1. So how many residues does the range 1-28 have that are at pLDDT 85 or above and surrounded by 13 or more Cβ atoms within 10 Å (Cβ to Cβ)?
2. How many of the residues making up the range 69-78 are open to solvent by less than 70 Å² (accessible area, probe 1.4 Å) and either within 9 Å of the chain's Cα centre (by Cα) or of a type in the set (Ser, Thr, Tyr) (or both)?
3. Under the condition of being open to solvent by 100 Å² or more (accessible area, probe 1.4 Å) and assigned to a helix (DSSP H, G or I), which residue from the range 29-65 is modelled with the lowest pLDDT?
4. Of everything in the range 73-125, what is part of a loop (DSSP other than H, G, I, E, B) and acidic (Asp, Glu)? Give them in sequence order.
5. Considering each residue of the range 79-123, count those that are among the aliphatic types (A, V, I, L, M), within 14 Å of residue 24 (Cβ to Cβ) and open to solvent by 40 Å² or more (accessible area, probe 1.4 Å), and give that number.
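The values are calculated or read from the model by the stated rules, or taken from the named source; none is laboratory data. Everything numeric in this text was worked out from a predicted model, so none of it was measured. No Cβ is skipped: glycine too gets one built from the backbone with ideal geometry, and neighbour counts run over all protein chains shown. Note: areas computed on protein heavy atoms with side chains; ligands, DNA, RNA excluded. Shrake-Rupley method; radii C 1.70, N 1.55, O 1.52, S 1.80 Å.
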Amino acid sequence: MDGSGWLLLERDDLGRVGHAAYTLWRKLRTSADLSGSAGGKGAGATERAASQLTAHSFLLGTELARTAKFWTSQVDTVLQGCAHISNHLDFSKEYQGEEDRKIGAQILGKDGRELPPSRISRLLH
């Protein structure tokens with residue numbers, strides 16, 4: 001509560017967590033991309049190496065390709081989680097702000113002034 005008796009909600013924590021999730025998503029999207037798809041340039045170095053090894057009859061090529069595919073699927077899962085967290089917190093912050101505005105409008109008197117807590121209490125019972 002602030003000094004006037006009104007309950008205040010600070011949403012800074014939501015913003016910080018959402019921003020951290022977005023930052024992780026952005027960095028991971030480019031730095032963990034073994035397939036090269038984030039840069040839009042085709043196959044990444046790992047995929048090319050796997051292809052060359054396979055072309056020269058090295059069994060390692062197939063395993064390297066399998067590892068890259070597994071890694072990419074794991075990175076995609078983390079990316080989806082980060083995006084979900086970031087988007088959800090952005091939505092929650094906006095939704096809560098709108099709810100705060102609605103509640104604030106509802107507890108004003110007919111003359112537009114704030115109702116005292118005792119009057120609000122009587123309205124709620």
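1. Residues in the range 1-28 being at pLDDT 85 or above and surrounded by 13 or more Cβ atoms within 10 Å (Cβ to Cβ): 8 in total.
2. 2
3. 48
4. As a first pass, look at the range 73-125 and keep what is part of a loop (DSSP other than H, G, I, E, B): 107, 109-113, 115-116, 125.
Listed by number, the list holds a single entry, 111.
5. Here is the first cut: in the range 79-123, the residues among the aliphatic types (A, V, I, L, M) are 79, 83, 85, 89, 103, 105, 107-108, 115, 120, 123.
From what's left, within 14 Å of residue 24 (Cβ to Cβ): 79, 83, 85, 89.
Adding the requirement that they be open to solvent by 40 Å² or more (accessible area, probe 1.4 Å) leaves 85.
Number of matching residues: 1.
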